Amino acid sequence: MKPTLSSSNPSEGDISLFDLDGVLIRTDTMAALISRRLRQRPLQLLAVLPLFLAALLTPSENHARARINRCLVSVALRGLNRDTYDQLARKVATALASGPAVVQQAVKECRHASDVGGTAVVTASEEVIARTYLDAIGLADVPLIASRLEFTGRTPRLKPHNVGAAKLSAIRAAGFSLEQATFYTDSASDLPTARQARLTVIVNAGRRSTTLLTAGARQVISVTWR
C-alpha cells in the first residue's frame with residue numbers, strides 16, 4: 001500500500017518537505033522523460049524546440065516559465081494514452097534511480113526526516129515518474145505531492161501543476177503547517193513556499209536561485225550534497 005499524506009501526521013512534530021528535481025536527483029525528471037519520448041518520435045522535436053528555447057530564456061520564478069513548460073509537456077507527449085505514458089514514465093524513473101543522478105546525501109536526509117516527523121516530497125514533476133523514482137531509491141514510505149497528467153483526446157495536460165503558488169496551495173491542502181517546516185529546494189520557482197517555511201535549505205542551487213531564495217525566505221542555510 002502506498003503511503004498517504006495522513007499517515008505522515010503532518011501537523012505533529014518536525015515537518016520536512018523535499019523538492020524532487022535538483023534536490024533528490026540532479027536532473028529534471030520530466031525533461032528526462034521528454035528526451036526519451038523525442039528520441040522515439042524525432043519529428044516532434046521541431047514542434048518542441050521553440051518552447052524549449054523559450055523555457056531556457058525565461059527565469060524559473062517567472063509565471064510564464066510554468067505556462068511554457070506545461071505547453072512543452074503537452075506537445076512532446078501528444079499521442080500517448082494513460083497506459084503508454086505510465087510505461088514510459090516507469091522505465092525512465094527506474095533508469096534514473098539506478099544511475100549517477102541520485103543525490104545520495106539528500107536521500108539519506110529524507111529517510112532520516114521520515115523516521116522522526118511528518119515528511120513529504122513536493123514536486124512539479126508528474127506523480128507516476130516521481131513515485132516510481134522515490135520507490136526505487138528507498139523512499140517508498142514517503143508521501144508525495146506531485147503534478148498529475150490529465151488525458152483528454154490526444155493531448156495530455158498537466159493538471160494540477162504543482163509549481164510556484166500552486167505548490168504552496170497543495171502543501172497547505174495536504175495539512176502541512178509551513179510555519180513548522182524545513183523546506184529543501186534548489187529553485188527560485190519555490191519562493192512562495194520558501195517565504196512561508198520556518199527554514200529553507202538551499203540544496204546544490206545555482207547563483208541566481210541562491211540569491212533570490214536567500215533574499216526571500218524567512219531563514220535559510222545553503223548546502224552542497226553529493
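Only one residue in ALA165, ALA170 is of a type outside the set (D, E, K, R) and touching a strand residue (DSSP E or B) at 6+ places or on another chain (Cβ under 6 Å). Which one?
Values: ALA165 fails: touching a strand residue (DSSP E or B) at 6+ places or on another chain (Cβ under 6 Å).
Step by step, each of ALA165, ALA170 is checked, and only ALA170 is of a type outside the set (D, E, K, R) and touching a strand residue (DSSP E or B) at 6+ places or on another chain (Cβ under 6 Å).
If the condition is being open to solvent by 60 Å² or more (accessible area, probe 1.4 Å) and charged (D, E, K, R), then segment 149-177 contributes GLU150, ARG154, ARG157, LYS159, ARG172. Beta carbons closer than 7 Å, at least 6 apart along the sequence or on distinct chains, pair a first residue in segment 81-93 that is over 15 Å from ALA31 (Cα atoms) with a second that is assigned to a helix (DSSP H, G or I) for ASP86/VAL128.
Where residues in segment 148-177 are among the polar types (S, T, N, Q) and in contact with a helix residue (DSSP H, G or I) (Cβ under 7 Å, 6 or more places away or on another chain), which of them is farthest from LEU24 (Cα to Cα)? If you could, list the steps in order and put the result at the bottom.
Step one: list which residues in segment 148-177 are among the polar types (S, T, N, Q), which gives 152, 155, 162, 169, 177.
Checking the rest, the ones that are also in contact with a helix residue (DSSP H, G or I) (Cβ under 7 Å, 6 or more places away or on another chain) come to 155, 162.
Working: THR155: 29, ASN162: 17 Å.
Selected residue: THR155.
From the residues in segment 178-189 that are open to solvent by less than 50 Å² (accessible area, probe 1.4 Å) and not β-branched (Val, Ile, Thr), which one is nearest to THR211 (Cα to Cα)? Applying the filter and picking the extreme gives ALA188.
For segment 15-39, the set of residues classified as open to solvent by less than 30 Å² (accessible area, probe 1.4 Å) and either among the small types (Gly, Ala, Ser) or at positive phi (or both) consists of SER16, GLY22, ALA32, listed by residue number. Here is the figure for segment 205-218: residues that are within 21 Å of ILE25 (Cα to Cα) and surrounded by fewer than 24 Cβ atoms within 10 Å (Cβ to Cβ) total 6. Looking only at residues in segment 190-204 that are under 17 Å from ILE25 (Cα atoms) and open to solvent by less than 30 Å² (accessible area, probe 1.4 Å), the one that is nearest to the chain's Cα centre (by Cα) is ASP190.
Considering only segment 53-62, state which residues are touching a helix residue (DSSP H, G or I) at 6+ places or on another chain (Cβ under 9 Å) and either buried (at least 18 other Cβ atoms within 10 Å of the Cβ) or closer than 22 Å to THR211 by Cβ (or both). Spell out the reasoning first.
Going through segment 53-62, the residues touching a helix residue (DSSP H, G or I) at 6+ places or on another chain (Cβ under 9 Å) turn out to be 54-55, 58-62.
Once the filter is applied, which keeps residues that are touching a helix residue (DSSP H, G or I) at 6+ places or on another chain (Cβ under 9 Å) and either buried (at least 18 other Cβ atoms within 10 Å of the Cβ) or closer than 22 Å to THR211 by Cβ (or both), segment 53-62 yields ALA55, THR58, PRO59, SER60, GLU61, ASN62.
For every residue, the table says whether it meets (1) modelled with pLDDT of 95 or more; (2) out of contact with any helix residue (DSSP H, G or I) (no Cβ under 9 Å at 6 or more places or on another chain); (3) over 16 Å from THR123 (Cβ atoms).
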| residue | (1), (2), (3) |
| --- | --- |
| SER8 | no, no, no |
| SER11 | no, no, yes |
| ASP14 | no, no, yes |
| LEU24 | yes, no, no |
| ALA66 | no, no, no |
| ALA101 | yes, no, no |
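Residues of segment 167-197 being of a type outside the set (Phe, Trp, Tyr) and in contact with a Pro (Cβ under 6 Å, 6 or more places away or on another chain), which ones? The answer is LEU168, GLY175. Restricting the search to segment 131-148, which residues are open to solvent by 20 Å² or more (accessible area, probe 1.4 Å) and within 30 Å of THR224 (Cβ to Cβ)? ARG131, THR132, ASP135, ALA136, GLY138, ALA140, ASP141, LEU144, listed by residue number.
The values are calculated or read from the model by the stated rules, or taken from the named source; none is laboratory data. Because the structure is predicted, anything quoted here is derived from the model rather than measured. So basically every Cβ, Gly included, is an ideal-geometry build from the backbone, and we count neighbours across all protein chains shown. For the accessible areas, the whole protein counts, side chains as well, though only heavy atoms, and no ligand, DNA or RNA atoms are used. Shrake-Rupley method; radii C 1.70, N 1.55, O 1.52, S 1.80 Å.
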